[in-house]
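What follows is calculated from the coordinates using simple rules that are stated; it is not laboratory data. Given the structure is predicted, the values throughout are model-derived calculations rather than measurements. Neighbour counts run over all protein chains shown; Cβ positions are idealised from the backbone, glycine included.
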Amino acid sequence: MLSRTADNLYWLSRYVERAEFLARILEATQRLTTLPLTYVGTSNEWESAVATAGCASAFFSVYHEANEKNVTDFLAFSTTNQTSIRGCFELARSNARAVRTALTVEMWDAINGTWLELKRYGNGPNSREEFSRFLRWVQESSLRYDGSAYRTMLRNDAYWFSRIGVYVERADNTARILDVKYHLLLPEKERVGGPLDYFQWAAILRSVSALTAYHWVYRDSLKPWLVADLLILKDEMPRSLAACYEAIVRNLEALAGLYGRQGPAQRQARGIRTRLQNSRMDGIFQRGLHEFIGEFIAENNRLGSTISEQFLR
Amino acid sequence: MRIRVSHTTRYCYDTPPASVTQILRLTPRNHDGQYVVGWRIELSEDCLLHKHEDAFGNITHSFTAEGPYNELSIAVDGEVETHDTNSVVRGAVERFPPNLFLRDTALTQPDAAIIDLANSARGSEGGKTLPLLHTLTTVLNREIIFDSDPTHTATTAAEAFRLRRGVCQDLTHIFIAAARHLNIPTRYVGGHFYRADGVTAQDAGHAWAESYVEHLGWVGFDPANGIGTTQAHVRVSVGLDYLGAAPVRGVHYGGGSETLKVAVQVDQADRQTQS
């Protein structure tokens, strides 16, 4: 397989996954802002949404204020922001077009259909309700792409590269979502573990479809360290960092098996997986959750560049 | 290096027991120099295999198999990817501060002879920890003849040193006793060793020691081979001594005496090259 083809497949999956993540952040932020302002006091949810998406500096070079209109526009429909939801779908589609023959009909239909339908939304919806529908649609589009890849692709290097793209992006996204809580300010009069704190954690879990899973696993009220445990260390939680890395290692192994050689990407991924396996929550909290997440995101990015270097150039 | 390990432990009973309960420490964990690609334990009897973790962080499996039967076998099959870390073990599960591993046990009690050995090793290296441990490894490898006849699983370090004979387990116990006497935290490691000479069938697993060196962390020493640990070592369990890290411990209810046979196969699964 040409490295260019592998590159397109890898980024195709990453962009679709990222579009879904942006929709999830926006949905969570919308939910957070539904609390009455008198109850919350000052709020910075929209600012935290931009910070979580990792494009705060790009945002503030265009806008002065992080409010609902600016942020939804920037993260969902902007053309100046290359990785807005629209940007992601456009990039995904152009990647897909370049490797049309490596995709199944179902995958192409999913991605091309999404791109065509995107035009229907124009430069943004007119109401909050319509915007919510848009966010659901983005997530369903990603599900359709993911599902068609899973069900129809031949299990060879094309499939593995596209899976690695999904999981590298997803690991990054889960880590970032968990970090939202760090960026969200808890007003001074609110106590940690109080109702607002609770509401914020619930919104985070909901944004990764894990609120029910949380109650299944822990049978307990929402506790920060348990939420972190679920999203970082739990193998059985499909979006957790541990589960993502399990999948990355497995797919990289499959590539190594096929090509008969392995390199730094395999070793690096195994190293991260090992560290996640051998960590415990109390240790992570002692060092600071925000610091841990920061390190993880940096490490995940490094793996991304190692993969590029080893396979995609 | 990709190492394939498969071994079978077979118990034969004169009179079938009513039931057998065992705890297994047969499953390796990942650390910086080692990644478990796949690992499977299979029992010859139908029973529940419970997975736990012991205090040291070793993965344990426990089971109770209801009898009667004349034979019980535990088969393990797995593949591990290793790479060389200059004997330093990083990123492993650490549940205790290193100083815990200064504790003496019945099997690692030093006698006068071992204390002499330790002191002379310290004397020759001017008290520097790392060279001292290397000297100890070399000396033990030279002085003690590898012989599986005179010693058994309950042989203490002092007894084996008196005989000047023993297996990897005995050499490791002597090493531990000497190092702990010099106030260096040291632990027992059970695992497997891929032999470069092409002998893949072995009678037992392997054993070596890890010592805690300031500013470096845990470092592996293999007195049976006279070397620091390499990528040929697959690290499975740790403990204060053999009993703490033992691959299989258990009891049987009813029945007569048992005989035990172990066959280990450690081979390189060389379907890949490193780039």
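The Rg/Rh ratio of the stretch A:3-312, with Rg taken over Cα atoms and Rh as the Kirkwood radius over Cα pairs, comes to 0.96.
With the biggest extent put first, the Cα atoms of the stretch B:36-161 measure 57, 36, 25 Å across the principal axes.
Classify the stretch A:130-288: rounded, prolate or oblate, from the alpha-carbon gyration tensor (a ≥ b ≥ c, eigenvalue square roots; a/c under 1.5 rounded; otherwise prolate if a/b is larger than b/c)? Don't skip to the answer; put the middle values down first.
Values: a/c = 2.59, a/b = 1.50, b/c = 1.73.
Taking the square roots of the gyration eigenvalues as a ≥ b ≥ c, the stretch A:130-288 is oblate.
Can you tell me what percent of all Cα-Cα pairs in the protein assembly as shown are more than 42 Å apart? Counting pairs separated by more than 42 Å, the tail of P(r) holds 36 percent. Each label point was placed 7 Å from the Cα along the Cα-to-Cβ direction; for B:Arg162 and B:Lys51 their separation is 4.5 nm. For B:Gln268, the residues 5 or more places off, or on other chains, whose built amide H falls under 5 Å of its own are B:Arg4. Using C-alpha pairs below 8 Å separated by at least 6 residues, the relative contact order for chain A is 24 percent. The stretch B:1-42 and the stretch A:72-93 have Cα centres spaced 52 Å apart. Farthest towards the positive end of the charge dipole of chain A, among the residues A:Ala6, A:Leu135, A:Ala53, is the Cα of A:Ala6, using unit charges on the Cβ of Lys, Arg, Asp and Glu. Each residue of the stretch B:76-89 is assigned a 3J(HN,Hα), and the resulting list reads 10, 9, x, 9, 10, 9, 10, 9, 6, 10, 6, 6, 7, 9 Hz, derived from the Karplus form 6.51 cos²θ - 1.76 cosθ + 1.60 (θ = phi - 60°), x at Gly and Pro. In this structure, the amide hydrogen of B:Leu26, modeled 1.01 Å from its nitrogen in the peptide plane, lies closer than 5 angstrom to those of B:His61, counting only residues at least 5 positions away or on a different chain.
Using θ = phi - 60° in the Karplus curve 6.51 cos²θ - 1.76 cosθ + 1.60, the 3J(HN,Hα) couplings for the stretch B:54-69 round to 8, 4, 7, x, 5, 7, 10, 10, 10, 8, 10, 10, 6, x, x, 7 Hz; x is entered for Gly and Pro. List the pairs from A:Lys181/A:Lys234; A:Lys181/B:Lys51; B:Lys51/B:Lys261 whose alpha-carbon separation is above 26 Å, in the order I gave them. Distance filter (> 26 Å) returns A:Lys181/B:Lys51.
Return the Rg/Rh ratio of the stretch B:88-245 with Cα-based radii and a Kirkwood Rh. Spell out each step's value before the answer.
Values: Rg = 14.3 Å, Rh = 15.4 Å.
Dividing the radius of gyration by the Kirkwood radius yields 0.93.
In chain B, Cα pairs under 8 Å separated by at least six residues give a relative contact order of 30 percent.
Bridging of A:Lys119 to aspartates and glutamates at a Cα separation below 13 Å is possible for A:Glu90, once same-chain residues fewer than 8 apart are set aside. Note on chain B: percent of Cα-Cα distances in each 10 Å bin, starting at 0 and stopping at the bin with the largest distance, equals 7, 29, 34, 22, 7, 1, 0. Across the stretch B:117-123, computed HN-Hα scalar couplings (Karplus, 6.51 cos²θ - 1.76 cosθ + 1.60, θ = phi - 60°) run 4, 4, 5, 5, 5, 5, x Hz from first to last residue, x flagging Gly and Pro.
Near the amide H of B:Arg90, within less than 5 Å, lie the amide hydrogens of B:Asp32, B:Gly33, all on another chain or at least 5 residues away, with H placed in the peptide plane.
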